[in-house]
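**Q** Take this structure first; my questions come after.
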Amino acid sequence: HQPTDDAHWKFGSLNLAHGFGDPPRRTNLYIEGHERSGEDRTHTYDYSIYAAGLIQNITRQFAIQLEDKHIDVDTVRGNLPKLGFQYLWTPTLLTTLSYSHSVSGNLGTRVGSLRVDRYGKGVNLLAGIAGGQTSPIVINLPDTDQTDTVPQDLRQVFVGATWPFSRADLGVLADYQKL
């Protein structure tokens, strides 16, 4: 359960990933699903987001990401494909460049992003920026004013750190979004 401003959400999420193959040509497949129901000042609504993706290493340093995300939240719906490129400059420095553009429905989304990850012995650091046009629900902001079908300009900056523990990570992220 998550209260946000004047909205309240109940949700469940599932993420699965599987990688196979030798490192220079490794293939990583992933799926995720998010089901929620929510209510705000004026009505109740359902929330479903599903994504499936592939990250394919072309070389030991370069990988391509293909993803399709289906969004169906209240009156906002559509498909949001993403194309991404990852480059491993050194064993401890990775950059990711991606672009998402909605192709159906009323998402009205065109967003590009750049992320840099620095892997260390005890802590991993990350930072990035994103920008473009999107509906509030695409970046997980409930739209309590019901203007969710009108795309708005997005500017985002984020920084964070993660600490690995066996098969899990503990992370802290500061995220500034202007929509």
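The values are calculated or read from the model by the stated rules, or taken from the named source; none is laboratory data. Given the structure is predicted, the values throughout are model-derived calculations rather than measurements. Note that we place each Cβ from the backbone using ideal geometry, even for glycine, and neighbour counts take in every protein chain shown. What goes into the accessible areas is simple: the full protein's heavy atoms, side chains included, and nothing from ligands, DNA or RNA. Shrake-Rupley method; radii C 1.70, N 1.55, O 1.52, S 1.80 Å.
**Q** Would you be able to say whether some residue in the stretch 35-48 is touching an Asp or Glu at 6+ places or on another chain (Cβ under 9 Å), farther than 16 Å from G12 by Cβ, open to solvent by less than 30 Å² (accessible area, probe 1.4 Å) and in a loop (DSSP other than H, G, I, E, B)?
**A** Yes, the stretch 35-48 has at least one match.
**Q** What single numbered condition from (1) in contact (Cβ under 8 Å) with a residue 12 or more places away in the chain; (2) open to solvent by 30 Å² or more (accessible area, probe 1.4 Å) fails to hold for T90?
**A** Condition not satisfied by T90: (1).
**Q** Here is a follow-up. Could you grab me the full set of residues in the stretch 66-84 that are open to solvent by 20 Å² or more (accessible area, probe 1.4 Å) and farther than 19 Å from S135 by Cβ? Give the derivation first.
**A** Restricting attention to the stretch 66-84, the residues satisfying the condition of being open to solvent by 20 Å² or more (accessible area, probe 1.4 Å) are 66-70, 72, 74-75, 77, 79, 81-83.
Hits for the stretch 66-84 are L66, L83.
**Q** If you don't mind, another one. Quick one: how many residues across the stretch 95-120 are at pLDDT 90 or above and either charged (D, E, K, R) or open to solvent by 60 Å² or more (accessible area, probe 1.4 Å) (or both)?
**A** Looking only at that region, the number is 10.
**Q** Restricting the stretch 49-65 to residues that are at pLDDT 95 or above and open to solvent by less than 40 Å² (accessible area, probe 1.4 Å), which is nearest to N28 (Cα to Cα)?
**A** My answer is I55.
**Q** Give me the pairs: first residue in the stretch 149-163 and closer than 21 Å to Q133 by Cα, second residue assigned to a strand (DSSP E or B) and basic (K, R), beta-carbon distance under 7 Å, and six or more apart or on different chains, which are they?
**A** Pairs found: R155/K178.
**Q** Quick one: count up the residues across the stretch 17-33 that are over 15 Å from D68 (Cα atoms) and either in contact (Cβ under 8 Å) with a residue 60 or more places away in the chain or charged (D, E, K, R) (or both).
**A** Matching residues across the stretch 17-33 total 3.
**Q** Follow-up. Out of the stretch 124-154, which residues are modelled with pLDDT of 95 or more and either basic (K, R) or closer than 21 Å to H34 by Cβ (or both)?
**A** Across the stretch 124-154, the qualifying residue is only A130.
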